[in-house]
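Q: Mind looking over this structure? Questions follow.
Coordinate-derived values only; no laboratory data. Nothing here was measured: the structure is a model prediction, and the numbers come from that model. Cβ: placed from backbone, ideal geometry, glycine included. Neighbour counts: every protein chain shown.
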Amino acid sequence: MPKKYTALAEMSVAYEVEFDEDEIPAGMDEWEYAHHLAEQGAYIECKNGGDFKIYDVVSDTVKLKGFDK
C-alpha cells in the first residue's frame, strides 16, 4: 500500500480601501484613519490578494498534535 500524506496549509485574504488625503479628519493620521475605516467596515476583498502557505507535510505514520483523539 502506498504511503499517505497530509499537507497542512493556511490561507489569508487581503482587503483594501482607498481614500484621499482630504478625507482624513483633523487630528488623525493616515494609519488612524485606515483603522477607523476598518471599524466602519469600509474594506473590500481584493480579487488577487492574500497568501497561501503550506507549512507542513506529514506521513500517515506521524500523529499530529491535537489530532490524536
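Q: Show the residue pairs meeting these rules: Cβ distance below 8 Å; 6+ apart or different chains; first residue within segment 1-14 and surrounded by 10 or more Cβ atoms within 10 Å (Cβ to Cβ); second residue part of a strand (DSSP E or B) and of a type in the set (V, I, T).
A: Here the result reads Y5/V57; Y5/V58; T6/V57; T6/V58; L8/I54; L8/V57; L8/V58; A9/I54, each pair linking segment 1-14 to a residue that is part of a strand (DSSP E or B) and of a type in the set (V, I, T).
Q: With the requirement that a residue be touching a helix residue (DSSP H, G or I) at 6+ places or on another chain (Cβ under 9 Å) and in a strand (DSSP E or B), what does segment 1-36 give you?
A: Answer for segment 1-36, where residues must be touching a helix residue (DSSP H, G or I) at 6+ places or on another chain (Cβ under 9 Å) and in a strand (DSSP E or B): just Y15.
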